[in-house]
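Below is one structure, written out as structure tokens; comments come after it.
The values are calculated or read from the model by the stated rules, or taken from the named source; none is laboratory data. Everything numeric here is computed off the predicted structure, so don't read it as measured data. With ideal geometry, Cβ positions are generated from the backbone for all residues, glycine too; neighbour counts draw on all protein chains shown. Only protein heavy atoms, including side chains, enter the accessible area calculation; ligands, DNA and RNA are left aside. Shrake-Rupley method; radii C 1.70, N 1.55, O 1.52, S 1.80 Å.
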Amino acid sequence: MEIQVMQDILGKNDEVAAENQALFAAKKVFALNLLGSPGAGKTTLLEKTMAALKDELRMAVIEGDLFTTKDADRIARYGVPVIQINTSGGCHLDAPMVQSVLPRLDLDALDLVVIENVGNLVCPAEFNIGEDEKAVVLSITEGDDKPLKYPLIFKESAVVVLNKVDILPYTNFNLEAATEDIATIHPGAMVLPVSSTTEEGLFAWYQWLRQAVQKKREGYSE
Amino acid sequence: MCKECGCGQTNGNTRLQFQVNGYAEENVHEVEKALLGMPGVMYVHIHADEGATTIDYNPAKTKLMEIMNVFASRGLEAAL
Ligand SMILES: Nc1nc2c(ncn2[C@@H]2O[C@H](COP(=O)(O)OP(=O)(O)OP(=O)(O)O)[C@@H](O)[C@H]2O)c(=O)[nH]1
Ligand SMILES: [Mg+2]
């Protein structure tokens, strides 16, 4: 019986996710679900992305956070529209949460909506929120064994950003092994080693975003 | 689904154990990689010596036949 309830919740989530996706499609807005552990560097990557691309791409950010507005406050400094969703302790965003805030965005005036999910390498991967793609940020300090230990999120994500490569020399993280493991569990996933603080490698990330937005504008979808 | 907090789907993953004959040092790693790359395959463990092969996968995303083909196409005999 419990299982039945679970399936109802998930069925409902997927229904609403499809509605969100249809809205993004109608407005030709590329929606990115940004995932990763607490502290992997999702917000830092977003800050750099906004600084680099906000004059070129019309962006907005939806910030998923348990209780605080700390990340939304960081984003707001860049003059980009930002909406906070507090999950009140919930470990992931779901499609209805995202749907409830979409009316507050002027989607006609946007190219890109990035949704930073709650920091968590497990649960957010299970819930589609209507995104075009998922991207996961894995940081060097988390260890190179994480792709095989948390396979779902890596299977689901079109892009894996390997963040904090600036501290590679001080860790035992094996970049080659991690890249190979990601290619094993998700053949075709794009792996981008970057440092969101020194900005090393970020050009490739910007290029991926530019191309995704361009494709969406031209009417391709997944 | 996330067993810790109970959220997410009871995503229909199932764990099967195969008995596979014919593993050689050269192909074990390659078979493991091929299996792990399939949609819904979350975990693969191979005991190369005895041939016991455990696969955690989602039958809605990858068909049993496709898994059997991974073995067959490499000349391996697999049985459930
Ligand atoms: N050395 C180094 N530190 C980084 C890098 N990117 C982020 N950090 C630091 O890592 C810490 C966490 O970064 P955040 O961007 O807040 O991480 P997050 O993924 O948004 O975290 P949550 O929202 O809490 O899940 C901060 O102290 C950042 O300054 C990087 O590339 N190199
Ligand atoms: Mg953050």
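Observations on the model:
- Taking the criterion of being hydrophobic (A, V, I, L, M, F, W, C) and without any contact (Cβ under 8 Å) to a residue 60 or more places away in the chain, the residues of the stretch A:95-112 that qualify are A:Met97, A:Val101, A:Leu105, A:Ala109.
- Among residues of the stretch A:95-115 being open to solvent by 30 Å² or more (accessible area, probe 1.4 Å), among the charged types (D, E, K, R) and touching a strand residue (DSSP E or B) at 6+ places or on another chain (Cβ under 9 Å), the one that is farthest from ligand 2 (Cβ to nearest atom) is A:Asp106.
- Criterion (within 27 Å of A:Thr198 (Cβ to Cβ) and more than 13 Å from the chain's Cα centre (by Cα)) met by exactly one of A:Asn163, A:Asn117: A:Asn163
- Annotation note: Cβ proximity below 8 Å between a residue of the stretch A:54-67 that is farther than 26 Å from A:His92 by Cα and a residue that is open to solvent by 30 Å² or more (accessible area, probe 1.4 Å) and within 16 Å of ligand 2 (Cβ to nearest atom) (sequence gap 6+ or interchain) occurs for A:Lys54/A:Tyr78.
- Matching option when the condition is in contact (Cβ under 8 Å) with a residue 12 or more places away in the chain, more than 14 Å from every other protein chain (Cβ to nearest Cβ) and closer than 30 Å to B:Glu30 by Cα, among A:Ile182, A:Ile140, A:Ile115: A:Ile140
- Any hit, the stretch A:89-108, residues being β-branched (Val, Ile, Thr) and closer than 27 Å to A:Val165 by Cα: no
- Test: A:Pro151 is of a type outside the set (A, V, I, L, M, F, W, C), more than 27 Å from A:Arg58 (Cβ to Cβ) and out of contact with any helix residue (DSSP H, G or I) (no Cβ under 6 Å at 6 or more places or on another chain): no
- Residue list for the stretch A:74-94, restricted to those being within 11 Å of ligand 2 (Cβ to nearest atom) and open to solvent by 30 Å² or more (accessible area, probe 1.4 Å): A:Arg74
- Residue ID - nearest to B:Ile67 (Cα to Cα), chosen from residues in the stretch B:25-49 that are away from every other protein chain (no Cβ under 14 Å) and assigned to a helix (DSSP H, G or I): B:Asn27
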